[in-house]
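> One structure follows; several queries about it will come next.
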Amino acid sequence: MTREQEEYRALRATIRERGTARVCLFAAGMAAWAALAVASLALALPPLATIIPLLILASTFEVTFALHAGVERLGRYLLVFHGDTWEQTAGSFGQPPGAVRLDALFTWVFLGAAIANLMPLLVTVPVVQELAAVGLAHLVFVLRVLSAGRAARLQRDVDRRRFAEVFTEIVKGIKDEAGA
């Protein structure tokens, strides 16, 4: 087996493993968040206590996003440097009309969880400062989820173009060395 074949197989395995890890970590993180959110609600903790489950929710999102972005980047590398037909076909396929729409970042689940995370405010009597602090923290998280979703939609083309530039630079460097 050549070095290129070994690299290809290793990267395909990494994509598979990170894809599985992303879903498992999402499920575990959501379970941890739900347990904390229910505890906050059941114990009628002060409104600022909603920040703790929100941190778990945000951490789960960041891990999910990082794994997704890494897998996408590996896919673009395989497309450009190995001429991977799977990546080429998947990239060309796009989103045909009527096709099932998948959300690799679980955007709507995270946004719904952020709203549900505010439920403890309904069983307490928060002061304006608490409402402002809790609301701002949740708004920052919602904006992060939405901006990451936008970045993820653009990532495929950005990565493909950059890897193509790098590939061209490498080929040019090899030709320059051979000609020197």
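> Is it the case that residue 55 is without any contact (Cβ under 8 Å) to a residue 24 or more places away in the chain, open to solvent by 60 Å² or more (accessible area, probe 1.4 Å) and more than 26 Å from residue 108 (Cα to Cα)?
Taking the combined requirement at face value, the residue does not satisfy it.
> Of the residues that make up region 91-109, is at least one over 23 Å from the mean Cα position of the chain (by Cα), at negative phi and modelled with pLDDT under 95?
yes
> Consider only pairs whose beta carbons are under 8 Å apart and that are at least six residues apart or on different chains; among these, list those whose first residue lies in region 61-84 and is on the phi < 0 side of the Ramachandran plot and of a type in the set (A, V, I, L, M, F, W, C) and whose second residue is in a loop (DSSP other than H, G, I, E, B) and open to solvent by less than 40 Å² (accessible area, probe 1.4 Å).
61/105; 65/105; 78/84
> Which residues, taken from region 13-50, are under 22 Å from residue 108 (Cβ atoms), among the aliphatic types (A, V, I, L, M) and surrounded by 13 or more Cβ atoms within 10 Å (Cβ to Cβ)?
Within region 13-50, 21, 23, 25, 30, 32, 34, 36, 37, 38, 41 meet the criteria.
The values are calculated or read from the model by the stated rules, or taken from the named source; none is laboratory data. None of the values given here were measured: they were computed from a predicted structure. When we count neighbours, we look across all protein chains shown, and the Cβ atoms used for this are built from the backbone with ideal geometry, even at glycine. Ligands, DNA and RNA are excluded from the accessible area calculation, which covers all protein heavy atoms including side chains. Shrake-Rupley method; radii C 1.70, N 1.55, O 1.52, S 1.80 Å.
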